[in-house]
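Peer 1: One structure, pasted below without further comment.
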Amino acid sequence: MAPRIDIVTIFPDYFQPLELSLIGKAQADGVVEIAVHDLRQFTDDVHRTVDDTPYGGGAGMVMSPEPWGRALDSVLGEDSVLVVPTPAGEVFRQSVAREFVETPHLVFACGRYEGIDHRVVEYYRDRVSVREMSIGDYVLGGGEVATLVMLEAVIRLVPGVVGNPESLVEESHELPGVEYPNYTKPASWRGLDVPEVLLSGHHDKIRQWREDQSAERTKKNRPDLLD
Ligand code: 6GU
């Protein structure tokens, strides 16, 4: 447990936010260990080339397998899971975050351009567990932001990272639908009052109200979750 995480990228600076907030504290406390590696360190030419034109033609550039092979050989171990962010991957969900938090070593291979030569995935599939992952149905410029999204979802599940473990239970995507709305003080703000039942102290009524709100919100915003 307590994941060790390696990230390979041509843009190490993208991962500076990992020093902030919850994840920054988790690293400082030694609860998670994150290392970022520059793919260009694994090139062998003066221009530090990481890409080339695609076989078969077409727009854009494809990342070459050689630097990826050297980089991944240097970070992968026997019990690593290799995560390859790509819009062509399986969709990352809360269930996958729960799987990843149980993985002792995660390695993220962040591609840019039109992606990484597919032989890299084919080669490592025979050696470690490989997960091609998408974070949703839209196209990003590369895997870096997708990796940040996945890491935030995974690391907050590491025991001790979120102060009150109860906040991990009653939230969207851990429930059948999405979460009910939340309110705090003041009880009245710009003419809008907090729903009376929340001030009542009737815990059964509050539980029922929240259940109803959750169902209504799910039907309106995420009807796909009800199928
Ligand atoms: Cl993981 N990568 C890229 N480039 N685009 C995406 C994505 C990943 N997930 C959704 N769109």
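Peer 1: Kindly indicate whether residue 92 is within 16 Å of the ligand (Cβ to nearest atom), closer than 13 Å to residue 155 by Cβ and surrounded by 16 or more Cβ atoms within 10 Å (Cβ to Cβ).
Peer 2: Judged against the criteria, residue 92 is not a match.
Here is a yes/no grid of residues against (1) within 9 Å of the ligand (Cβ to nearest atom); (2) buried (at least 20 other Cβ atoms within 10 Å of the Cβ):
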position	(1), (2)
82	no, yes
97	no, no
108	no, yes
118	no, no
143	yes, yes
146	yes, yes
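Peer 1: Give me a count of the residues in the range 134-187 that are without any contact (Cβ under 8 Å) to a residue 60 or more places away in the chain and hydrophobic (A, V, I, L, M, F, W, C).
Peer 2: The total comes to 9.
Peer 1: Looking only at the range 151-190, filter to residues that are aliphatic (A, V, I, L, M) and assigned to a loop (DSSP other than H, G, I, E, B); which one of those is nearest to the chain's Cα centre (by Cα)?
Peer 2: If we take residues in the range 151-190 being aliphatic (A, V, I, L, M) and assigned to a loop (DSSP other than H, G, I, E, B), then 157 is nearest to the chain's Cα centre (by Cα).
Peer 1: Another question, then. Return a yes/no flag: does the range 51-61 have any residue that is open to solvent by less than 60 Å² (accessible area, probe 1.4 Å) and either in contact with a Gly (Cβ under 6 Å, 6 or more places away or on another chain) or under 22 Å from residue 131 (Cβ atoms) (or both).
Peer 2: No - not one qualifying residue is present in the range 51-61.
Peer 1: Being under 18 Å from residue 68 (Cα atoms), within 11 Å of the ligand (Cβ to nearest atom) and open to solvent by 70 Å² or more (accessible area, probe 1.4 Å) narrows it down to one residue among 114, 132; which is it?
Peer 2: Just a single option satisfies the conditions, and that option is 114.
Peer 1: So, one more: Give the residues of the range 120-129 that are under 20 Å from residue 12 (Cβ atoms) and within 14 Å of the ligand (Cβ to nearest atom), sorted by residue number.
Peer 2: none
Per-residue answers, yes or no, for (1) within 16 Å of the ligand (Cβ to nearest atom); (2) open to solvent by less than 30 Å² (accessible area, probe 1.4 Å):
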residue	(1), (2)
136	yes, yes
139	yes, no
150	yes, yes
166	no, no
190	no, no
196	no, no
205	no, no
208	no, no
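Peer 1: Still on this structure, I have one more. Among all residue pairs at least 6 apart or on different chains, which show Cβ distances below 6 Å where the first residue, located in the range 73-96, is free of Cβ contacts under 8 Å to residues at least 24 places away in the same chain and closer than 8 Å to residue 132 by Cα and the second is aliphatic (A, V, I, L, M) and away from the ligand (no atom under 16 Å from the Cβ)?
Peer 2: Close Cβ pairs satisfying both conditions: none exist.
Peer 1: Please specify each residue of the range 120-129 satisfying the condition of being surrounded by fewer than 21 Cβ atoms within 10 Å (Cβ to Cβ) and not β-branched (Val, Ile, Thr).
Peer 2: 122, 123, 125, 126, 127, 129
The values are calculated or read from the model by the stated rules, or taken from the named source; none is laboratory data. All values reported here derive from a predicted model rather than from experimental measurement. So basically every Cβ, Gly included, is an ideal-geometry build from the backbone, and we count neighbours across all protein chains shown. For accessibility, only protein heavy atoms count, side chains too; no ligands or nucleic acids. Shrake-Rupley method; radii C 1.70, N 1.55, O 1.52, S 1.80 Å.
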